[in-house]
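This report refers to the structure that appears directly beneath it.
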Amino acid sequence: KSIKTLNLFGNKIGDKGVQYIAEIIKLNTSIIDLCLSDCDIGDEGVRYLAEAIGQNKVLQKLDLSKNKINIVEAGLLGANNQVDLIGYDENPLDYIPPQVRDGGKEKVKEYLK
């Protein structure tokens, strides 16, 4: 049997911990759903994930809600259309223009493309 879902919700692994998860994701051939919600991940961690997801052909869903990710950094992940990003808009929105931010999740997704 293979692991299909990995839920690390609430584990305060931070950027250093997500670096190790990213290395696993690069080699992953079974995990399709990864929850990293509320894991104290910041912008450095997103860069590790973006690189890993670029090499992964299996992952379909990634939950990054309730972290410390700048929404612009989350755009690095948005460039990969195979992965459905969940909760990235539940992170700081400081660098998104108000007219985009006020337009809701769909406007933010469009802005990040």
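Every read-out reported here was derived from the displayed coordinates using simple, explicitly stated rules and does not represent laboratory data. Everything numeric in this text was worked out from a predicted model, so none of it was measured.
Below is a table of values for the structure above.
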quantity: Sequence-distant residues sharing a close amide H with ASP63 (under 5 Å, placed H); calculated: LEU34, CYS35, LEU36, ILE86
quantity: Over 20 Å between alpha carbons, listed pairs LYS4/LYS57; LYS26/LYS57; LYS4/LYS68; LYS16/LYS57; LYS1/LYS66; LYS4/LYS66; calculated: LYS4/LYS68; LYS16/LYS57; LYS1/LYS66; LYS4/LYS66
quantity: Per-residue HN-Hα couplings for segment 45-55 [Karplus 6.51, -1.76, 1.60; θ = phi - 60°; Hz; x = Gly/Pro]; calculated: x, 5, 5, 4, 5, 4, 5, 5, 5, x, 9
